[in-house]
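Just so it is clear, none of the values below were taken in a lab; they were calculated from the coordinates. Model, not experiment: these values are computed from the prediction. Positions of Cβ are backbone-derived with ideal geometry, glycine not excepted, and every protein chain shown enters the neighbour counts.
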C-alpha cells in the first residue's frame, strides 16, 4: 500500500517497498522509479499503458536520487491511472 505525505497543496505518494514515488506538480506529475528496475522494462510498461507518448517525456536518469524520472503532463483526473501503472514496478 502506498504511503501518502501531505504538506501544503502538494503531496507525494510512494510505494511501500520504495520502488517508486509520484509527486504532484502544478501541471502533472513527476515519477521517480528506483534504478534497480531495468529501463527497458519501464519503457515496455509505458508503451503498453494507456498513456500516449506526448503525455510523458523520455525516461531519463536522475543520478542524485538513483532513480529513473518520468514527467507526466496529464490532468489530475489521471492520477489513478498513473498509480495503477506504477504498481507494475513493485517487484
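Percent relative contact order of the range 8-61, based on C-alpha pairs within less than 8 angstrom and at least six residues apart?
Numbers: 38 pairs, mean separation 10.8, N = 54.
Relative contact order comes out at 20 percent.
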Can you compute the modelled spin-label distance between residue 41 and residue 16, with each label point 7 Å from Cα toward Cβ, in nm?
1.9 nm
Compute the distance in nm between two label points, each set 7 Å from the Cα along the Cα-to-Cβ direction, one at residue 78 and one at residue 26.
1.9 nm
Label corresponding to Rg/Rh (Cα atoms, Kirkwood Rh) when calculated from the structure given, among [x] 0.92; [y] 0.94; [z] 0.96
[x]
What is the chain's relative contact order, in percent, from Cα pairs under 8 angstrom and six or more apart in sequence?
27 percent
Given 0.36 nm per residue, what is the gain on full extension from residue 57 to residue 69 after removing their alpha carbon distance, in nm?
3.4 nm
